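Contents: one structure, followed by commentary.
The values are calculated or read from the model by the stated rules, or taken from the named source; none is laboratory data. Just so you know, these numbers come straight off a predicted model, no measurement behind them. Neighbour counts run over all protein chains shown; Cβ positions are idealised from the backbone, glycine included. Protein only, heavy atoms only, side chains kept; ligands, DNA and RNA dropped before computing areas. Shrake-Rupley method; radii C 1.70, N 1.55, O 1.52, S 1.80 Å.
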Amino acid sequence: DFHLTLSNFVPKPHTPFQWFPQDTQVQLKEKIAYLRNAFRGIQGVKLSFTDTELSKLEAVVSKGDVDLAPVFERAYAKGAYLDAWGGAEALAAWFEALEELGIDPEAYTRDRLVNPDEDLPWDGIDVGLTKTWLQQEYQ
């Protein structure tokens, strides 16, 4: 038997994928439905998927900047912790904090930081890869 766990794409800093937008919730759910249907009836294969809302939150944090600091404080005050942000209640606290502070998650997951020539909040962190190299890999 095979148990496959498939994760949604989350753009991460310091990778060539940092400039890619994340799929919308609708797109992610359509892809999951497609895969579930494609694997239906195949014996010995069980599929699991990461939660689309969790992936959205991960993308927001991945592409975050100093403007998210109040969100961290507000979510923490609501009982959320980064080491335990799974589960509906914890996720709700994060999204409530974003909404209360007027921050649109889509702005972080889809709209911003998609131009390889723009400055990124984490450009000042040296991880041993140059931005030029990352841009070439992106291309």
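This table checks each residue for (1) in contact with a strand residue (DSSP E or B) (Cβ under 6 Å, 6 or more places away or on another chain); (2) open to solvent by less than 50 Å² (accessible area, probe 1.4 Å); (3) touching a residue at least 12 places away in the same chain (Cβ under 8 Å); (4) not in a loop (DSSP other than H, G, I, E, B).
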| position | (1), (2), (3), (4) |
| --- | --- |
| Q18 | no, yes, yes, yes |
| D23 | no, yes, yes, no |
| E30 | no, no, no, yes |
| A38 | no, no, no, yes |
| I42 | no, no, no, no |
| A59 | no, yes, yes, yes |
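From S48, S55, grab the single residue that is among the small types (G, A, S), under 29 Å from D119 (Cα atoms) and free of Cβ contacts under 8 Å to residues at least 60 places away in the same chain.
S55
Taking the numbered list (1) open to solvent by 90 Å² or more (accessible area, probe 1.4 Å); (2) without any contact (Cβ under 8 Å) to a residue 12 or more places away in the chain in turn, V66 passes all entries but (2). Here is a check on your reading of the model: is L113 within 19 Å of H14 (Cα to Cα) and either more than 14 Å from the chain's Cα centre (by Cα) or in a helix (DSSP H, G or I) (or both)? When the stated conditions are applied, L113 does not pass them.
Filtering region 82-95 to residues that are assigned to a helix (DSSP H, G or I) and either open to solvent by less than 80 Å² (accessible area, probe 1.4 Å) or of a type in the set (F, W, Y) (or both) leaves A84, A90, L91, A92, A93, W94, F95. Of the candidates G102, G79, G124, G128, the single residue that is part of a loop (DSSP other than H, G, I, E, B), touching a helix residue (DSSP H, G or I) at 6+ places or on another chain (Cβ under 9 Å) and either farther than 19 Å from F17 by Cα or open to solvent by 60 Å² or more (accessible area, probe 1.4 Å) (or both) is G79.
Just one of the numbered conditions (1) surrounded by 11 or more Cβ atoms within 10 Å (Cβ to Cβ); (2) in a helix (DSSP H, G or I) is not true of Y34: (1). In region 106-118 there is no residue that is exposed (fewer than 14 other Cβ atoms within 10 Å of the Cβ) and more than 16 Å from F20 (Cβ to Cβ).
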